[in-house]
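**Student:** Just passing along the structure, written as structure tokens.
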Amino acid sequence: MAVSGSPNLGKVLEGRYRLHSLLGQGGTGAVYLAEDTQLFGRPVAVKELIEQFSGDEEREAAVQRFAQEARMLVTLSHPNLPDVRSHFAQDGRHYLVMEYVEGSTLASLLEQANGALRPAVVLDWGRQLCEVLIYLHGRTPPVIFRDLKPTNIMLDRHGRIKLIDFGTARHFDHTKNTDTLKMGSIGYAPPEQYQGYGQTSPQTDIYALGATLHHLLTNQDPSAHPFVFTPPSLIRPEIPEPLSRAIMRSLNLDPAHRFASVTDFRHALDGPATVEAPTTALRVVRPAPAPNPWLVGLLGAIGAAVLEGAALLPEISHLGEGTASADWAVDYGALAGAALGAALGGALAPGYLRHRAVGTLLALVGSGLCVAAVGMGIILGQGHGDPKQFSLRLLVALALPAAAIGAGFVRALGAGA
């Protein structure tokens with residue numbers, strides 16, 4: 001999304017690139033949307049190195065990294081990487097001209113979806129990310145991206161992933177034990193990168209990819225609790241267990257216990273962790289509102305009361321005349337017990353239990369125990385041998401199936417079945 005207010009807007013660089021709007025700005029760089037006036041106004045992205053350094057040594061290091069990013073991108077060619085058009089300096093400032101990717105970052109898409117991205121969509125993105133990392137790691141020497149996270153990944157309007165910001169990428173050197181610079185993003189960087197325990201390697205990108213997929217699936221920002229991850233399937237039950245296990249393996253703190261390569265990670269994503277076929281374009285899914293437990297309980301009470309009332313309809317003309325108890329409060333106490341049991345079991349079950357069968361069973365057991373307790377209280381209160389006892393047994397017998405049906409009704413309603 002374009003950002004206004006930059007003093008550079010309208011400026012023409014290299015006699016051909018006219019800056020139109022500010023797309024984004026970070027600590028050391030700003031990215032502009034520009035038009036190539038020599039190619040009929042074709043849109044391009046222009047990255048500028050911001051001159052905000054404490055001294056000449058820091059500025060020289062930043063310029064070298066900026067030039068390294070340009071040299072690296074020029075040598076790369078992959079559908080999931082933006083093309084580089086030019087690299088130059090003007091008026092003491094350094095610029096990089098790249099393909100303009102029309103789309104959104106995965107971070108903004110996660111926010112638009114209110115943290116409820118479909119697993120199939122995230123899996124499709126994961127496959128594409130694996131493909132581009134396989135390409136980068138297969139270069140000679142291998143290219144380690146080192147800063148994989150949702151804000152550095154874009155999805156274009158054709159549903160294609162694009163890696164952006166190679167500012168921290170480096171070539172892997174097997175002769176080194178550690179990196180010269182300790183760079184990375186908190187939460188997405190593994191210990192060997194963020195804390196400087198060793199040299200970044202393909203396993204570094206595997207960890208960052210796992211952290212990225214975990215964030216997209218669970219909406220839990222890893223920067224809030226670095227190195228601590230809950231299995232995604234425990235947070236969202238619809239996530240397949242094999243997919244959850246693959247992500248957790250990629251997040252192992254020991255690089256030796258992660259996948260040996262991104263190819264192996266890709267195979268794990270394509271293995272038994274099958275979900276519905278992904279769409280080519282993103283379809284944002286809005287999460288359904290959770291059922292109100294009080295409303296569900298009220299509906300359950302009404303449902304159980306109606307069912308029991310219908311069952312007792314043949315006896316209703318005799319109520320108060322000796323066929324049931326002499327006290328109407330006792331009669332309706334049994335009916336209320338059935339309704340309360342159904343409401344209580346149903347209200348507690350929806351949304352809090354992973355398996356519907358378990359939730360339904362608990363609702364039935366809770367209803368049955370509640371009604372049985374009320375019914376036994378009535379029978380014991382009336383004493384043995386009382387002629388009203390038969391009607392009370394009938395009342396309890398009818399209350400039990402009514403409560404069970406009511407509890408099942410409430411459970412189905414709350415689970416959205």
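**Student:** Suppose accessible area is computed on protein heavy atoms with a 1.4 Å probe; arrange E69, E241 from highest to lowest. Provide the component values of the computation, followed by the final result.
**Tutor:** Values: E69 5, E241 70 Å².
Largest to smallest exposure gives the sequence E241, E69.
**Student:** Further question on the same structure: Ordering Y135, Y188 from largest to smallest accessible area (1.4 angstrom probe), what's the sequence?
**Tutor:** Details: Y135 50, Y188 25 Å².
Sorted by accessible area, descending: Y135, Y188.
**Student:** Right, next: Using θ = phi - 60° and the Karplus curve 6.51 cos²θ - 1.76 cosθ + 1.60, what whole-Hz ³J(HN,Hα) does each residue of segment 34-46 get, with Gly and Pro shown as x?
**Tutor:** Taking θ as phi minus 60°, the curve returns 9, 10, 8, 5, 8, 10, 6, x, 4, x, 9, 9, 10 Hz for segment 34-46.
**Student:** How large is ³J(HN,Hα) for each residue in segment 209-215, as worked out from phi by the Karplus curve 6.51 cos²θ - 1.76 cosθ + 1.60 (θ = phi - 60°), to whole Hz, x for Gly and Pro?
**Tutor:** These are the phi-based 3J(HN,Hα) values: 5, x, 5, 5, 5, 4, 4 Hz.
**Student:** Next up: Using modelled backbone amide H atoms (1.01 Å from N, in-plane), which distant-in-sequence or interchain residues come within less than 5 Å of L13's amide H?
**Tutor:** R18, L19
**Student:** Using 11 Å as the cut-off for backbone N distance, which residues of segment 225-240 belong to the label zone defined by a point 7 Å from the Cα of I186 along Cα→Cβ?
**Tutor:** 225-226
**Student:** Taking a 1.4 Å probe, which of D124, D83 shows the most accessible area, and what order do the others take after it? It would help to have the intermediate numbers written out before the result.
**Tutor:** Values: D124 30, D83 70 Å².
Ranked list, largest accessible area first: D83, D124.
**Student:** Please give the solvent-accessible surface of V46 in Å², to the nearest 10, using a probe radius of 1.4 Å with every protein chain present.
**Tutor:** 0
**Student:** Please find the FRET efficiency linking R139 to L39, where r is the Cβ-Cβ separation and R0 is fixed at 25 Å, and quote it to the nearest 0.05. Before the final figure, lay out the partial values.
**Tutor:** Values: r = 29 Å, r/R0 = 1.16.
Efficiency at R0 = 25 Å is approximately 0.30.
**Student:** May I pose another question? In nm, what is the difference between 0.36 nm times the number of residues separating N252 and R236 and their Cα-Cα distance? Please list the in-between numbers first.
**Tutor:** Working: separation 16, 0.36 × 16 = 5.76 nm, distance 2.06 nm.
Roughly 3.7 nm would be gained on extension.
The values are calculated or read from the model by the stated rules, or taken from the named source; none is laboratory data. Computed from a predicted structure; not experimentally measured. Glycine also receives a Cβ, built like all others from the backbone with ideal geometry; neighbour counts cover every protein chain displayed. We work out accessible area using only protein heavy atoms, side chains counted, and drop any ligands, DNA or RNA first. Shrake-Rupley method; radii C 1.70, N 1.55, O 1.52, S 1.80 Å.
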